[in-house]
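Structure first, then comments.
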Protein chains: 2
Amino acid sequence: MIKVFAPASVANIGCGYDTMGFAVTEIGEEIQVTKRPDDKLVINEIVGADLSYNPEQNVATIAIQSLLDALRTTQGFDISIHKFFKPGSGLGSSASSAAGAVFAVNELLNRPFKREELLQFALEGEAFASSSYHADNVAPSLLGGVQVIRSYNPLDVFRVEMKSKLEVLLIFPDVEVKTAESKKLLPTNISMQTARNQWGNVAGLIHAFHIGDNKLLRSSIMDLIAEPVRKSAIPKYEEVKRIVLQHGSVGFNISGSGPSMFALFDLDGDIEQSIDDISGLYQDCDFDCKIYRSKIDLVGCKVIS
Amino acid sequence: MIKVFAPASVANIGCGYDTMGFAVTEIGEEIQVTKRPDDKLVINEIVGADLSYNPEQNVATIAIQSLLDALRTTQGFDISIHKFFKPGSGLGSSASSAAGAVFAVNELLNRPFKREELLQFALEGEAFASSSYHADNVAPSLLGGVQVIRSYNPLDVFRVEMKSKLEVLLIFPDVEVKTAESKKLLPTNISMQTARNQWGNVAGLIHAFHIGDNKLLRSSIMDLIAEPVRKSAIPKYEEVKRIVLQHGSVGFNISGSGPSMFALFDLDGDIEQSIDDISGLYQDCDFDCKIYRSKIDLVGCKVIS
């Protein structure tokens, strides 16, 4: 028996649609996996989410099956999933499940694959959940830190170390956004002008992480593509943005396809005041909102027992 | 009297259309500037290029006028320009003129502006030459090194230090490409898919420069937007690409809008063999081609006498 923690993650980081994400320490899910005497994949328990127990309809088991197929083994497993954040919140719930599941099974089987090699299997699970093949949540949840997917074909992923120590505020107003639906809102074509501005910001973001330039970080974490269409689905988006930037956030945007938002802070920012103001904002309109204060997770999936 | 050297430069660096460029040590132009007793801007000599002597039609004097206007001075200057590479070669000829001219005048006037502040004036000259406002040649020629233009409005430029020591091969098959014409060939809209792949490469490029990962550099220096339309105007483009990659180049693409090409090399690559093969290639078809072996220029414009 093994139990692992798979962190939640923030995809896109403003300018890097489908290209980058980072993992967070404070939320995620626990996955427990046990070998079975037969060849079945059985989901025994799912806590914290209303998801399918059918192994062909659950990202965790789809990802595990992909790993087992690569090993040409028919070993079966019992799986329990405990989610500490809601699917559809924009924090990479399906990616945590997929990453945690393959990580756990690989550990139980005495690591036939290196951690990086597990990404392809986790991606198979994620592709089922979000109807698209994207790794900007799976890669950080599995590998930790800031992960960039340079290319999908061939898959080429690298990690960017952050010179500054940053904290992250995650703000989750409780409305559900389906990633697959949300992706349909995005344009299939964009102007050269917009694309150019976006990759100027991508360059700025990567450079800012490397040298710890948080002023540049704040300018670069900007999104001309998804934010304009998606923000209207997020209650009080502009107000939250105004609050955190006013209190010195060094980067704010939608987390993945939302409705969660993220705000990065360095030591000069006032996280506590931001939390108070945002809590007050949602209380005033009687709207349920969860706020998490977290660090960037640098580890990825880890064994907890 | 002052004489300055303004380096040539390579814009785009594959994936960063209109967003980045680097300066080179081996080619550029010399600009000599002398104060006049009156308020006129007079171009006395242009060597190496067939350009206008009309101060309202030459990038150097247009850039100088923009600087003088900002200073509200009516000081006049005599200007001589000596170009060591051809306009229309894709190596930022107009940018060198614009950068060198404002740098020289600023020096003669005892530096009323910081070097970085000269960029806006040089851009005015460049905008005249290429019918568009782009800084990916002007910034490296003026400031040296790898320069990234994150944003044009407001203008936000930063420099990326390269961890690896790289040499650059510049290959100029002697056909003229007009930047303004060449820009018209590019699509005004691109697919999200293409844009995403492009900014994945931009992220890879910046990261690769920072950590000195030349394998990643080679993968990231790729262009899905300008190269496909522009390469057909460049004689033997695919053959040159094949030669340098075969000899270990860590990044090849069109320099600016061409026809020049650039190839980066680290110590593992074989520059000399690349030069031989490329020379042979063009000799076989009786085509005039200049090849320069250079270092990345880290200084930008400099006073030479």
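A few comments on the model shown:
- The alpha carbons of segment B:167-295 give a radius of gyration and a Dmax of 15.0, 42 Å, in that order.
- The C-alpha atoms of segment B:131-215 occupy a region whose extents along the principal axes are 36, 35, 29 Å, arranged from largest to smallest.
- Between identical copies, the spacing of residue B:26 label points, each set 7 Å from Cα toward the C-beta atom, reads 5.5 nm from nearest to farthest.
- The long axis of helix B:271-284 is offset from the longest Cα principal axis of chain B by roughly 90 degrees.
- Between 0 and 90 degrees, the angle of helix A:237-246 with respect to the longest Cα principal axis of chain A falls at about 70 degrees.
- The 3J(HN,Hα) values that the Karplus relation (6.51, -1.76, 1.60; θ = phi - 60°) gives for segment B:185-200 are, in residue order, 5, 6, x, 8, 10, 10, 6, 4, 4, 5, 4, 4, 4, 5, 7, x Hz. Gly and Pro appear as x.
- Acute angle (nearest 10 degrees) that the helix A:59-71 long axis makes with the longest principal axis of chain A, alpha-carbon atoms: 50 degrees
- Taking only the alpha carbons of segment A:95-254, we obtain Rg and Dmax values of 17.3, 50 Å in that order.
- Projection of the Cα convex hull of the protein assembly as shown, averaged over all directions and equal to a quarter of that hull's surface, yields 29.7 nm².
- Long-range amide H partners of residue B:151 with built H, under 5 Å: B:156
- Rg then Dmax, both in Å and based on the Cα atoms of segment B:247-305: 13.9, 42.
- Inter-copy label distances for residue B:272: 6.7 nm (label point placed 7 Å from Cα along Cα→Cβ; shortest first).
- Taken one residue at a time, the phi angles of segment A:24-29 give Karplus couplings (6.51, -1.76, 1.60, θ = phi - 60°) of 10, 7, 7, 10, x, 9 Hz. Gly and Pro are set to x.
- Which of B:48, B:37, A:233, positive extreme of dipole for the protein assembly as shown (C-beta unit charges): B:37
- Amide H contacts of residue B:91 (H built 1.01 Å from N, in plane; Pro and chain starts excluded): no residue 5 or more places away or on another chain comes under 5 Å.
- Debye-sum result for chain A in log10 I(q)/I(0), which assumes one identical scatterer on each alpha carbon, at q = 0.15 Å⁻¹: -1.12
- Each peptide in B:204-216, A:156-168 gets a packing score, the mean of other Cβ atoms within 10 Å over its residues, and the list from highest to lowest is B:204-216, A:156-168.
- Sequence-separation-based contact order of chain B, relative, with Cα cut under 8 Å and 6+ spacing, percent: 25 percent
- In this assembly of identical copies, the label point of residue B:304 (Cα plus 7 Å along Cα-to-Cβ) is separated from its counterparts by 6.6 nm, sorted shortest first.
- Placing +1 on the Cβ of every Lys and Arg and -1 on the Cβ of every Asp and Glu, with no other charges, gives segment B:167-295 a dipole of roughly 680 debye about its Cα centre.
- Average other protein chain Cβ within 10 Å of Cβ, residues A:186-195: 6
- Straight-distance crosslink candidates among aspartates and glutamates, where the alpha carbon sits under 16 Å from residue B:236 and sequence neighbours closer than 8 are dropped: B:174, B:176, B:227, B:276, B:277, B:284, B:286, B:288
- In units of the rule-of-thumb radius 2.2 N^0.38 Å, segment B:1-78 shows an alpha carbon radius of gyration of 1.31.
- The phi torsions of segment B:133-149, fed into the Karplus equation with coefficients 6.51, -1.76 and 1.60 and a -60° offset, translate into couplings of 8, 9, 10, 6, 9, 4, 4, x, 4, 6, 9, x, x, 8, 10, 10, 9 Hz, rounded to whole numbers, with Gly and Pro shown as x.
- In the protein assembly as shown, the DSSP-assigned H stretches of four residues or longer account for a calculated mean residue ellipticity at 222 nm of -11000 deg cm²/dmol, using -39500 (n - 2.57) per stretch and the full residue count as denominator.
- Each Cα pair under 8 Å and six or more residues apart adds its sequence gap; the mean of these over the residue count of segment B:167-295 is a relative contact order of 40 percent.
Just so you know, all these numbers are worked out from the coordinates, no wet-lab data involved. Note that the structure is a prediction, hence the values are computed from the model and not measured. Methodologically, a virtual Cβ is constructed for each residue, glycine included, from the backbone with ideal geometry; neighbour enumeration extends over all protein chains shown.
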